[in-house]
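Rule-based calculations on the coordinates, nothing more; no lab input. Here the structure is a predicted model, which means the values were calculated and not measured. Positions of Cβ are generated from backbone atoms using ideal geometry, with glycine treated the same way; all protein chains shown enter the neighbour counts.
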Amino acid sequence: MSFCITCGVKISDRHTNCPLCNRPIEYTSKRENLPPLYPEEVNKITIIKPQTTIKDWVVIHFYMFFTFLIVLSTTGIDYTLNKGFTWSSYSTVSALFIYSIISSVIHLRRNPYILYVTINLLIPIFLFSLDWLTQRDAWFIDKALPSFITLQVISLVVYILFKIILLKLQRAVTIIIATNLLIITIDQITSGTVTWSILCTALLLPTAIYIMILSAKLQSSYYLHQTID
């Protein structure tokens, strides 16, 4: 026995329409013979999930409170001891930078390219803030910014090479050589000449050559076994 959803009249199974309001009656026992309620295309729709979940918001608010607590405590201690703000400026900038990085990772982790751009904008801002706070030696333009640009260029080259190079040993050689170039460039930028980076080159370059020889031998051995088989 069913009921009409419009007027509430009790209807027997032999009726196809409500005897009072003439509304078509649909019985659940006959649902299998009816077309589906939703087309099959509904199942193909990609559901876009939100960038942040409730757990993410809890983490963000926790770090927000923790950052606020650090800033408040360090500035309070600094002002009480020194009658002004001296070293607390560095801790404040560092705490805000760490919070910005964590918040960006949580919000933009599903958009890696936007996250990469955001982090690479936050890092120069952080370095410039530290340079501005020192007010004694302007090292951002002369040293920090060229080193950061060099890091980005080498990282881009390594990323492109990783699209071409598939073997793990060859990728390891690429990373070692890129790291060595980065160290030499930073040494040149900061010191004006090549000094301590020579020691790193003396360690990294033989390692890269050894891995290249090992990779070549393993690859030739693999091709030899393939030919014999």
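So the values come out like this:
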read-out	value
Amide H within-cut-off set for R23, under 5 Å, with H built and near neighbours excluded	C18
Semi-axis lengths, Å, region 114-220, gyration tensor of Cα atoms, sqrt of 5 times eigenvalues	32, 19, 7
Whole-Hz ³J(HN,Hα) from phi, Karplus 6.51 cos²θ - 1.76 cosθ + 1.60, for region 166-171, glycine and proline x	10, 6, 5, 5, 5, 5
For T16, T201, T118, order by how many other beta-carbon atoms lie within 10 Å, fewest first	T16, T201, T118
Stretchable slack from L199 to I60, in nm (0.36 nm times residue separation minus alpha-carbon distance)	45.8 nm
Label-to-label distance, nm, for residues given as Q219 and R14 (7 Å Cα→Cβ offset)	8.5 nm
Relative contact order (%) - criterion: Cα under 8 Å, at least six apart; region: region 89-193	22 percent
